[in-house]
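*Asks:* Supplied in structure tokens, the structure appears directly below.
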Ligand SMILES: [Fe+2]
């Protein structure tokens, strides 16, 4: 069984991307800084959608269903998550640096909308590091442990 997709988190990614794309249409330094962020954020969000968010769906399913957590996708997901989590944290560093540049440009031009967008993107990345990534990691470890227990008891999902 494929893990449930938690669309609100993916929708938040899309909404932030759309606002960044709008900012990137601005002339001058602000637009250039936003364009840099678009290039960094687009592949990063796609990766999170595919690797960091599905484990939260596993957690959701485990909390809402009595069925054993067992699926070939979960084993593959855990492997990818273990490899990609440190990479995603490194990508955040580049995103924070680009956000700092965008914030400076927005402050110089008094662009409140972009200042607000920068705050939201910083908060969103911090929330991922403090909540989403650890929850994804714990969900996967829990799933692996449960799959091992079910396998040893001969239970299938
Ligand atoms: Fe992120």
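*Asks:* Out of the residues in segment 56-79 that are within 22 Å of residue 124 (Cα to Cα) and over 11 Å from the mean Cα position of the chain (by Cα), which is surrounded by the most Cβ atoms within 10 Å (Cβ to Cβ)?
*Replies:* Among them, the one singled out is 58.
*Asks:* Then there's this: Have a look at 76, 94 and point out the one that is free of Cβ contacts under 8 Å to residues at least 60 places away in the same chain and within 15 Å of residue 2 (Cβ to Cβ). Step through it out loud before you land on a result.
*Replies:* On the way: 94 fails: within 15 Å of residue 2 (Cβ to Cβ).
When all the criteria are applied, what remains is 76.
*Asks:* If I go through segment 85-143 residue by residue, how many of them are within 16 Å of the ligand (Cβ to nearest atom), crowded, with 16+ Cβ neighbours inside 10 Å and over 29 Å from residue 62 (Cβ atoms)?
*Replies:* Here the count works out to 8.
*Asks:* All but one of (1) in contact (Cβ under 8 Å) with a residue 60 or more places away in the chain; (2) in contact with a helix residue (DSSP H, G or I) (Cβ under 8 Å, 6 or more places away or on another chain); (3) away from the ligand (no atom under 16 Å from the Cβ) hold for residue 48, so report the exception by its number.
*Replies:* For residue 48, the failing item is (3).
*Asks:* Answer with yes or no whether residue 29 is surrounded by fewer than 15 Cβ atoms within 10 Å (Cβ to Cβ) and either touching a residue at least 12 places away in the same chain (Cβ under 8 Å) or under 16 Å from residue 124 (Cα atoms) (or both).
*Replies:* Against the criterion (surrounded by fewer than 15 Cβ atoms within 10 Å (Cβ to Cβ) and either touching a residue at least 12 places away in the same chain (Cβ under 8 Å) or under 16 Å from residue 124 (Cα atoms) (or both)), residue 29 does not qualify.
*Asks:* Here is a follow-up. Does any residue of segment 23-40 turn out to be more than 17 Å from residue 107 (Cβ to Cβ) and within 11 Å of the ligand (Cβ to nearest atom)?
*Replies:* Yes, because at least one residue in segment 23-40 is more than 17 Å from residue 107 (Cβ to Cβ) and within 11 Å of the ligand (Cβ to nearest atom).
A short reminder: the numbers here are calculations on the coordinates, not readings from a lab. Computed from a prediction, not measured in an experiment: that's the story for all the values here. We place every Cβ from the backbone using ideal geometry, glycine too, and count neighbours over all the protein chains shown.
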